[in-house]
Amino acid sequence: MRAEIVDGTLTPGASLVEITLAERYGTSRTPVREALRRLQQDGLVERADRGMRVRTRSPEEILEIYEARIALEATAAAGAAQRRSDFDLVRLARAHKAMIATPASDAAAMAEANRALHEAIWSASHNGTIVDLLTRLNNHLTRYPQTTLSAPGRWDEAIAEHAEIIEAIGERDADRAYGLAREHMTKARELRLRIYADDTDT
């Protein structure tokens, strides 16, 4: 069900009726009910007048998600600069090298490489609460499947921005890491809003 919500098979606003879903997936209503509960926690479905539905998309939600994500990503980068280990730096360098090797023609691979690098930064912060919150926010963004990294020139720009963030973390410059991460995620927000506007205009 999660996969069908993310890939758009179950469209935003679609009604999610337990008995219908149970028949669709060849199971009883109990696991369907549990799945819906977990998907609601992850922000992928919401309560409607009658039962549940796939959560709708909106520019307001994008702004809400990124308002939180910008602050948390910046805090994670600053925390990484303060608490990173040598092993964390190895993981960051490896993740960045994987990004560089990823072809800009493969949107899914770009998104995965980008996520891996961000997760390496979160891990280097050694703050489990921030990791948990950012993971939940990323779950919300899976309902907006188009990656901002596909925008012309953005992939190379993101690679360069990540290099600067990693450099600041390596130098234990928390203020610089915070500012660079904040700027990086602010650009992502503006691109996400532009993509949403373009999609709704077509």
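Please treat every number below as a calculation from the coordinates, not as lab data. All values reported here derive from a predicted model rather than from experimental measurement. Counting neighbours? That spans all protein chains shown, and the Cβs are built from the backbone with ideal geometry, glycine included.
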Amide H within-cut-off set for Val45, under 5 Å, with H built and near neighbours excluded: Gln40, Arg55
Candidates Arg50, Arg182, Arg94: whichever shows maximal mean-square fluctuation once the chain is modelled as a Gaussian network with Cα springs under 10 Å: Arg50
Rounded FRET efficiency, nearest 0.05, which uses the C-beta distance separating Glu157 from Ser105 and R0 of 25 Å: 0.90
Leading residue at positive end of dipole, the chain (Cβ point charges), from Gly8, Gly26, Leu89: Gly26
Cut-off under 5 Å, modelled amide H: who pairs with Leu16 long-range: Met52, Arg53, Val54
Residue with peak Gaussian network fluctuation, the chain [Cα springs, cutoff 10 Å], from Ala160, Ala116, Ala95: Ala160
